[in-house]
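*Asks:* Sharing a structure here in structure tokens format.
The values are calculated or read from the model by the stated rules, or taken from the named source; none is laboratory data. Keep in mind the model is a prediction, meaning the values are calculated, not measured. Here Cβ is always computed from backbone atoms with ideal geometry, including for glycine, and neighbour counts include all displayed protein chains.
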Amino acid sequence: MVKQMERRNDEQIQNAGEIIDIEVTEILDPGRKRGDEHRCEAEQGVRHFDPHLGETIANQLAKGVKKKADKGYTTTPLLLVYLNILGGGRLGAKSRLQ
């Protein structure tokens, strides 16, 4: 990692003398907010299998990347994407009941 002089990106790395700006983003299920399932014993609904999971992932990924791209960075950073979409289904509910 490289110490940033001016905080304009999430991070920077140095590779062969070149400084590379990095932006990080997390992609979540539609309507899901980071950490909701851990706060104040939040009510956990049963997640049903999404038969259009591939389409859901593609749409959420496109939205997240566009949101970062629209910020108009002064450089062209690398984008690191954390895809945190739950697969749907009842596995979580079943494991809590056992």
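*Asks:* Can you name the residue in the range 73-98 that is under 17 Å from THR56 (Cβ atoms) and assigned to a loop (DSSP other than H, G, I, E, B) and, of all such residues, is modelled with the lowest pLDDT?
*Replies:* Looking at the filtered set, the residue picked out is GLY89.
*Asks:* Checking LYS67 against (1) surrounded by 14 or more Cβ atoms within 10 Å (Cβ to Cβ); (2) modelled with pLDDT of 70 or more, which single condition isn't satisfied?
*Replies:* Answer for LYS67: the failing condition is (1).
*Asks:* Please give the number of the condition GLU18 fails out of (1) at pLDDT 70 or above; (2) in contact with a strand residue (DSSP E or B) (Cβ under 8 Å, 6 or more places away or on another chain).
*Replies:* Status for GLU18: all satisfied but (2).
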